[in-house]
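These notes concern the structure reproduced below.
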Amino acid sequence: MTANPTTPKLKTPALAVLFATVFINLVGFGLVVPLLPFFAQSLKAEAWQITLMFSAYSLGQFFAEPFWGRLSDRIGRKPVLLMTLIANALGYLMLAFVPNIWLAIAVRLFTGLGAGNISTVQGYVADVTPPEQRAGRMGLIGAAFGLGFIVGPGLGGLLTQPQLGRLGYQLPIFLAAALAAVAAVGVVVFLRESRAKADPAAPRPAFLAGLKDARDNAVVSRVLVVTLIYMAGFSAMESVFGLWSESRYQWGAREVGLSFMIVGIVSTLNQGFFAGRLARRFGESRVLATGMLLFGTSLVLQVLAPVAWFPATRLELGALTIPVVQGWIIPIVMAIGACGMSLAMPNISAMISRASPPDRQGAMLGLNMASSSVARIFGPMIAGALFSGLGHDWPFVIGALLTIPAALMAINAGRVIRSGEGGVKAPA
């Protein structure tokens, strides 16, 4: 089979621009993750307001993804990609100059709306790629996610310069805005429109279509809850980690950014080399349950980690003086959690695909993305309330406890698949 002759072939410059669009979304998000709590503190924000900035961004993405995807079906992929990238650039610039926390939250919501263009990128790839090549091309777009989350936090941490005051937090934000602007220029120069004019009489799927089918599916319903729990736990940890590490180890944006960079590296390597092999050997549901428990264990270990391994910030070994970074064990603990999460994500998609009929797989996988977005909205909000109301460790404790029922649901979903109940085919 070949691509539709009425649409352009996906040439290397166009693929690079699409890759860059996804990469920039994640780099921009990752750039501000390490500095966001400290930037918000410069605006005299409380902990619950800081975590609300994370929730606002995810809320924007939740509504923007289906909106931009449908709009691109009607008016074309190129104008939607251009609009969202310009919105990204403007959002980051506005964030750099906001005078108070409430405007910062509003700007984060606006930026989230602009970041919801992944479905449009995937639509462009599908438009111009033969079916037999789509998996590989979609895999490249997926790789942009992992690479963006590796580069973004590390770069954000290194560029943040607290000694410069407000400007020291603005530098990474300016870079995020510049990257979005460069990607917008690339869209204008290298992308040709790929989408034929849509039939105005064609029916449009409802928002969150297939929710009833998912509820009635014994596997999908359980797996969606697993996604909801583990993503809520991760987003909760992510939103308060800067505040938590500052209060315990006096860390700044640099240490936080490098820690999240390690999470990205471990997740990418584990998904690329181990997740599939483990699933084939032990089964998707068992590996998913193990991933949940690993993630929960990492949250517990973060709480139990000692405040200081050494009484001083320098270790004297004869004539040699070694600077001691208090909390150095935390990135190692976070790497354990990253292993758990990277085991979870591909196996969740595989189990949903196995348990859904071919004509409903897209809808069910879309609902899984919606479940993830809901978790990213409410996880930080709850974490902020727990952090301020009960104590700094409670977001981690509650998140760890919730991974236990998530693991049990994963095991139960695997039993349904193996038994073939409800028409679900057991693995060969």
Report every pair of residues separated by at least 6 positions or lying on different chains whose Cβ atoms are under 7 Å apart, first residue within the stretch 294-305 and among the aromatic types (Phe, Trp, Tyr), second in a helix (DSSP H, G or I).
PHE295/TYR230; PHE295/GLY233; PHE295/GLY337; PHE295/GLY340; PHE295/MET341; PHE295/THR403
The stretch 389-402, residues that are part of a helix (DSSP H, G or I) and either free of Cβ contacts under 8 Å to residues at least 12 places away in the same chain or touching a Phe, Trp or Tyr at 6+ places or on another chain (Cβ under 6 Å) (or both):
GLY389, TRP394, PRO395
For the stretch 317-332 the number of residues that are surrounded by 10 or more Cβ atoms within 10 Å (Cβ to Cβ) and either at pLDDT 70 or above or on the phi > 0 side of the Ramachandran plot (or both) is 6
Cβ contacts < 6 Å: first residue of a type outside the set (A, V, I, L, M), restricted to the stretch 50-67; second residue buried (at least 22 other Cβ atoms within 10 Å of the Cβ) and outside any helix (DSSP H, G or I), any location; separation 6+ or different chain. Result?
GLN61/GLY116; GLU65/GLY116
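Residue-by-condition table, conditions (1) at pLDDT below 80; (2) assigned by TED's automatic domain parsing to the domain that holds SER245; (3) in a helix (DSSP H, G or I):
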residue	(1), (2), (3)
THR268	yes, yes, yes
GLN271	yes, yes, yes
ALA279	no, yes, yes
ARG286	no, yes, yes
MET292	no, yes, yes
SER298	no, yes, yes
PRO306	yes, yes, no
ALA312	yes, yes, no
LEU315	yes, yes, no
Given (1) at pLDDT below 90; (2) of a type in the set (Gly, Ala, Ser); (3) in the same structural domain as ILE348 (by TED's automatic domain parsing); (4) surrounded by fewer than 17 Cβ atoms within 10 Å (Cβ to Cβ), number of the condition SER371 does not satisfy:
(4)
Going by the conditions given, is ALA196 in a loop (DSSP other than H, G, I, E, B) and either at pLDDT below 85 or outside the structural domain of SER373 (by TED's automatic domain parsing) (or both)?
yes
Per-region count, the stretch 258-304, residues surrounded by fewer than 24 Cβ atoms within 10 Å (Cβ to Cβ) and under 17 Å from ILE398 (Cα atoms):
7
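Using the structure shown, decide if GLY69 is over 22 Å from LEU243 (Cα atoms), in a helix (DSSP H, G or I) and not hydrophobic (A, V, I, L, M, F, W, C).
yes
The values are calculated or read from the model by the stated rules, or taken from the named source; none is laboratory data. No experiment lies behind these values; they were computed from the predicted model shown. Note that each Cβ is placed from the backbone with ideal geometry, even for glycine, and that neighbours are counted across all protein chains shown.
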